[in-house]
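The values are calculated or read from the model by the stated rules, or taken from the named source; none is laboratory data. Given the structure is predicted, the values throughout are model-derived calculations rather than measurements. Using ideal geometry, Cβ is built from the backbone for each residue, glycine included, and neighbour counts are taken over all protein chains shown.
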Amino acid sequence: MNSRCIGQFLRIRRGSQSTESAHDLEVGCLAPQSGLEPVVLTAVAARAPLRRNTDPAEVADTAVFLASDLGRGVTGNVVFVDAGFQIMGL
């Protein structure tokens, strides 16, 4: 996920937050691992904070959490499920 996409998410989120309390909405963004080529992902994963790639089930689990009552206090955030790639600027 590049910074331009994240910036657009944040603009959408800011615009949505003004109406969220009136409509009981929770606004957030789920940002899965970058769409890099598999060869590049494998090479970069060795240097990522978790030293691996993200499993698709981890993204799904996070989406289920955010959509459930357990995630009701999470709003107005970008949640990165990327094994630390965002920290590395990818």
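Scanning the stretch 23-47 for residues that are part of a loop (DSSP other than H, G, I, E, B), out of contact with any helix residue (DSSP H, G or I) (no Cβ under 6 Å at 6 or more places or on another chain) and either more than 13 Å from Val81 (Cα to Cα) or modelled with pLDDT of 85 or more (or both) yields a count of 7. Is it the case, given these coordinates, that Ser68 is small (Gly, Ala, Ser) and modelled with pLDDT under 85? When the stated conditions are applied, Ser68 does not pass them.
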